[in-house]
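Novice: Just passing along the structure, written as structure tokens.
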Amino acid sequence: MEIVETQAQAKAIIRSWKGQKFSIGLVPTMGYLHEGHASLIRLARADNERVAVSVFVNPTQFAPGEDLASYPRDFERDRELCQSLGVDLIFHPQPVEMYPPGYATYVEAPSLSVNLCGRSRPTHFRGVLTVVLKLFALLGPDRAYFGLKDAQQFFIIKRMVEDLGLDLAMIPGPTVREPDGLALSSRNVYLSPAERSAALVLQRALRAAERLLRAGERRSDLILAEMRRIVVAETLARLDYAEIVETRGLSLIPQVTGQALVAIAVFFGKTRLIDNFLWEAEA
Ligand code: AMP
């Protein structure tokens, strides 16, 4: 396994892989890897001759006042996990390597960033799209792997790939959860024991929404009212949003038809957790 910090070093390795016609799978991450990341790396390992993982806490996707400085980091552990999963290359740049002084170019999909996390984090997806496009340009993957835990992120990047005509396949991976249902997240380490228990409210709200949908309810406002009621009842939780959108334009839908994303974000103290499920209309 090679570990490089500069774009020049990464480029040299990629050039040699491309020279040998190796297929390349890329798993972009912010590090502090857990089983969610590992599941994506395993998918990439199964599909590709070479697997690259980026470990980069991308400053441009954090707004002032968010947790950029405190975001958990443990590169030694990440390195060991990648090694055990058969990763071929870790790209681990410093921020200045990705954004040197005078850096000027950003990618945006404003209409897809209005709802869900885009509403509470208005500059977030601009940072995500920018860094992901830079990683795609540098590492030239045939396939890129993203978790559906961050479903809005997946759909926005997929649209960027389509709109810009990038020659790569976007592969989604299912959300990996703790045994009690809490979605794995690097940010779960921020939770106090009481907040960790309270965090199950995301699951409770989503399962309630799913039950209503299964029972035939299609009115978004009624489904969302039930989700909000469940979150409000949890004293340690503060609802950021509960929304239902269609998965192409990511716009709010009053009636659930076709493929819909039911998503929720909740604060526990300063820690904000997200979760969702995809609803597919029955044939
Ligand atoms: P992050 O390091 O949080 O930026 O996440 C890197 C990638 O791992 C993204 O594609 C995430 O969607 C994915 N990911 C994070 N948590 C999970 C999870 N619990 N299950 C599946 N994928 C995940």
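The values are calculated or read from the model by the stated rules, or taken from the named source; none is laboratory data. Nothing here was measured: the structure is a model prediction, and the numbers come from that model. Glycine gets a Cβ as well: all are built from the backbone with ideal geometry, and neighbour counts include every protein chain shown. Surface areas here come from the heavy atoms of the whole protein model, side chains and all, with no ligands, DNA or RNA. Shrake-Rupley method; radii C 1.70, N 1.55, O 1.52, S 1.80 Å.
Novice: Answer with yes or no whether D67 is outside the structural domain of K270 (by TED's automatic domain parsing), more than 17 Å from the chain's Cα centre (by Cα), touching a residue at least 24 places away in the same chain (Cβ under 8 Å) and open to solvent by 10 Å² or more (accessible area, probe 1.4 Å). Give the steps one after another, and end with the answer.
Specialist: Values: outside the structural domain of K270 (by TED's automatic domain parsing): yes; more than 17 Å from the chain's Cα centre (by Cα): no; touching a residue at least 24 places away in the same chain (Cβ under 8 Å): yes; open to solvent by 10 Å² or more (accessible area, probe 1.4 Å): yes.
Criteria not met by D67.
Novice: If you don't mind, another one. Taking the stated definitions as given, is F62 in contact with a strand residue (DSSP E or B) (Cβ under 7 Å, 6 or more places away or on another chain), within 16 Å of the ligand (Cβ to nearest atom) and either assigned by TED's automatic domain parsing to the domain that holds A8 or aromatic (F, W, Y) (or both)?
Specialist: Here the answer is no, as F62 does not meet what is asked.
Novice: If you go through segment 143-150 one residue at a time, do you hit one that is more than 14 Å from the ligand (Cβ to nearest atom) and either of a type outside the set (V, I, T) or within 13 Å of the chain's Cα centre (by Cα) (or both)?
Specialist: For segment 143-150, residues more than 14 Å from the ligand (Cβ to nearest atom) and either of a type outside the set (V, I, T) or within 13 Å of the chain's Cα centre (by Cα) (or both): absent.
Novice: Is there any pair with a first residue in segment 6-26 that is aromatic (F, W, Y) and a second that is open to solvent by less than 30 Å² (accessible area, probe 1.4 Å) and in a strand (DSSP E or B) whose Cβ atoms are under 8 Å apart and which are 6 or more apart or on different chains, and what are they?
Specialist: W17/I24
Novice: If you don't mind, there's one more thing I want to ask. Limited to segment 23-41, what total is found for residues that are within 11 Å of the ligand (Cβ to nearest atom), at negative phi and open to solvent by 20 Å² or more (accessible area, probe 1.4 Å)?
Specialist: Looking only at segment 23-41, we keep the residues that are within 11 Å of the ligand (Cβ to nearest atom), and these are 26-41.
Restricting the remaining residues to those that are at negative phi gives 26-30, 33-41.
Keeping just the survivors that are open to solvent by 20 Å² or more (accessible area, probe 1.4 Å) gives 28, 30, 34-35, 37, 39.
The total comes to 6.
Novice: Right, next: What are the residues in segment 243-283 that are of a type in the set (S, T, N, Q) and either surrounded by 17 or more Cβ atoms within 10 Å (Cβ to Cβ) or without any contact (Cβ under 8 Å) to a residue 12 or more places away in the chain (or both), if any?
Specialist: T247, T271, N276
Novice: Where the second residue is open to solvent by 50 Å² or more (accessible area, probe 1.4 Å) and within 12 Å of the ligand (Cβ to nearest atom) and the first is in contact (Cβ under 8 Å) with a residue 24 or more places away in the chain and closer than 14 Å to L33 by Cβ and lies in segment 167-189, which pairs have Cβ atoms under 7 Å and are six or more apart or on separate chains?
Specialist: Within 7 Å, the pairs are G173/L43; V176/E35; L184/E35; L184/R177; L184/E178; S186/Y32.
Novice: Looking at (1) within 13 Å of the ligand (Cβ to nearest atom); (2) more than 17 Å from the chain's Cα centre (by Cα), which one does V57 not meet, given that it meets all the others?
Specialist: (2)
Novice: Also: On the given criteria, is V96 closer than 22 Å to G140 by Cα, open to solvent by less than 20 Å² (accessible area, probe 1.4 Å) and not basic (K, R)?
Specialist: no
Novice: Kindly provide the set of residues from segment 42-53 that are free of Cβ contacts under 8 Å to residues at least 60 places away in the same chain and open to solvent by less than 10 Å² (accessible area, probe 1.4 Å), ordered by number.
Specialist: First pass over segment 42-53, keeping only residues free of Cβ contacts under 8 Å to residues at least 60 places away in the same chain: 42, 45-46, 49-51, 53.
V51, V53 - these are the residues of segment 42-53 that are free of Cβ contacts under 8 Å to residues at least 60 places away in the same chain and open to solvent by less than 10 Å² (accessible area, probe 1.4 Å).
Novice: Related question: Taking the options S220, S185, S192, name whichever one is within 12 Å of the ligand (Cβ to nearest atom) and of a type outside the set (D, E).
Specialist: Only one candidate passes the filter, namely S185.
Novice: While we're looking at this one, here's another question. Which of the residues that make up segment 107-129 are surrounded by 20 or more Cβ atoms within 10 Å (Cβ to Cβ) and hydroxyl-bearing (S, T, Y)?
Specialist: Once the filter is applied, which keeps residues that are surrounded by 20 or more Cβ atoms within 10 Å (Cβ to Cβ) and hydroxyl-bearing (S, T, Y), segment 107-129 yields only S113.
Novice: Out of the helices (runs of 4 or more DSSP H) lying entirely within segment 93-149, which hold 3 or more residues that are among the aliphatic types (A, V, I, L, M)?
Specialist: Output list reads 124-139.
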